[in-house]
Amino acid sequence: MKPNTKSKIIIVDDHQLFSQSLELLIKSFGDYDVIERFENGKLFISYLQENPDTNIDLVLLDVNMPVLDGLSTMKWVKENRPDLKVIALSVNDDEEIIIKMITNGAKGYLLKDTSPEIFKEAIECVIEKGYYFTESVSAMLVNKVNSDNKKISLKEKELVFIKHACTEMTYKEIASEMCLSPKTIDGYRESLFDKLEIKTRIGLVLYAVKHKIVFI
């Protein structure tokens, strides 16, 4: 962190009490300034369109909001402002939502009951390193990938499966797209889980992102 230079953060959350408390917590860390707070994604996007040159180091984006929710906002950001680093905030750890947020460009996913210590660590990591995922969102995988330099050989169809798994498609839809039976797709999934030493589809997505099999 450069002396006298504070990172600029924007909060997008419809719960005013939470948003204000989050701002106070962030300011207490000392190295950050909350420059704006918005109640929904529509207001946030309007701000970005009206202030395209504003320097923003991090966006904290609520997943569940009225008017324009976090996922729709994240899709717009991916298409129009892919340079922005975003941490998604939510009250639940639904695997489907996590995958959708990550594959649409979120660099982190935090539950709202996360401790201040973990929250601070997440902010630092996303701003400085580009991503952060807690244990509940397969951080164990990220740590393993960082420390494991060995090459894992993947077959062409396994790569195709992984790319499809990083979309919003169900396993049944992936089977149809690859012209394979659901049972065969289940076999691919379990084989990859074993080979890559992961346990969830989220882990598969994070592996794909880390190894540039897909880009977010």
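Here is how the numbers come out for the structure above:
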item: Derived scalar couplings ³J(HN,Hα) [segment 44-52; Karplus, 6.51 cos²θ - 1.76 cosθ + 1.60; whole Hz; x for Gly, Pro]; result: 5, 5, 4, 4, 4, 5, 7, 10, x
item: Cβ-placed point charges (K, R +1; D, E -1), dipole of the chain about Cα centre in debye, nearest 20; result: 820 debye
item: Cβ-based charge dipole, the chain, positive-most Cα from Tyr132, Phe193, Leu110; result: Phe193
item: Pairs from Lys27/Lys78; Lys100/Lys199; Lys6/Lys212 whose Cα-Cα separation, in the structure shown, is over 20 Å; result: Lys27/Lys78; Lys6/Lys212
item: Length-normalised contact order for segment 145-210 - Cα pairs under 8 Å, 6+ apart - percent; result: 38 percent
item: Fully extended contour minus Cα-Cα distance, from Leu43 to Arg81, at 0.36 nm per residue; result: 12.2 nm
item: Residues whose placed amide H lies under 5 Å from that of Asn64, excluding near-sequence neighbours; result: Gly70
item: Angle in degrees between helix 116-129 and the longest Cα principal axis of the chain, rounded to the nearest 10; result: 80 degrees
item: Fully extended contour minus Cα-Cα distance, from Glu197 to Ser181, at 0.36 nm per residue; result: 3.4 nm
item: Calculated FRET value between Asp93 and Ser115, using beta carbons and R₀ = 22 Å, to 0.05; result: 0.90
item: Relative contact order (percent, whole number), the chain, Cα cutoff 8 Å, 6+ residue spacing; result: 16 percent
item: Viscosity 0.692 mPa s, 37 °C: Kirkwood-radius Stokes-Einstein D of segment 1-97 over Cα pairs, µm²/s; result: 237 µm²/s
item: Alpha-carbon centroids, segment 187-205 and segment 14-82: separation in whole Å; result: 33 Å
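FYI, it's all coordinate maths here, none of it is from the lab. All values reported here derive from a predicted model rather than from experimental measurement. All Cβ positions, even for glycine, are placed from backbone atoms using ideal geometry, and neighbour counts span all protein chains on display.
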